[in-house]
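Laboratory data are not the source of any read-out in this text; all were calculated from the coordinates shown. Note that the structure is a prediction, hence the values are computed from the model and not measured. Glycine gets a Cβ as well: all are built from the backbone with ideal geometry, and neighbour counts include every protein chain shown.
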Amino acid sequence: MKLDRDTALLTAAGSAICGATAVLAFESTLQSEPHKSAMAVGSVVLFDTLSMFLYLLALHLGWLHLDRWALACFSAARSTKWRRWWVRPAM
């Protein structure tokens, strides 16, 4: 995607760890320019938000053959935000 080193590392950290918080924490380690971290935060948040809806759409259309618990485990790698309402304890 022709990203410079700092932007690529910040985006990778945000995607792999926990999102925008990881980008901002990793920014001080890299001592990168603020616009590079803003670009990384924007792309991580954008793709995280898109994936929340695309996973649900894929499940609804039958492209993912997962029950609720398996989908929650599958999506936990992408987002910890929407697990809160998707996974409810069994009664």
### Query
Which three extents, in whole angstrom, do the alpha-carbon atoms of the stretch 5-86 cover along their principal axes, largest first?
44, 18, 18
### Query
Using the per-residue mean of other Cβ atoms lying within 10 Å as a proxy for protection, in what order, highest first, do the peptides 66-73, 9-16, 49-56, 21-28 fall?
9-16, 21-28, 49-56, 66-73
### Task
Quickly work out the ALA58-to-VAL45 label distance, labels modelled 7 Å from Cα along the C-beta direction, and quote it in nm with one decimal.
2.4 nm
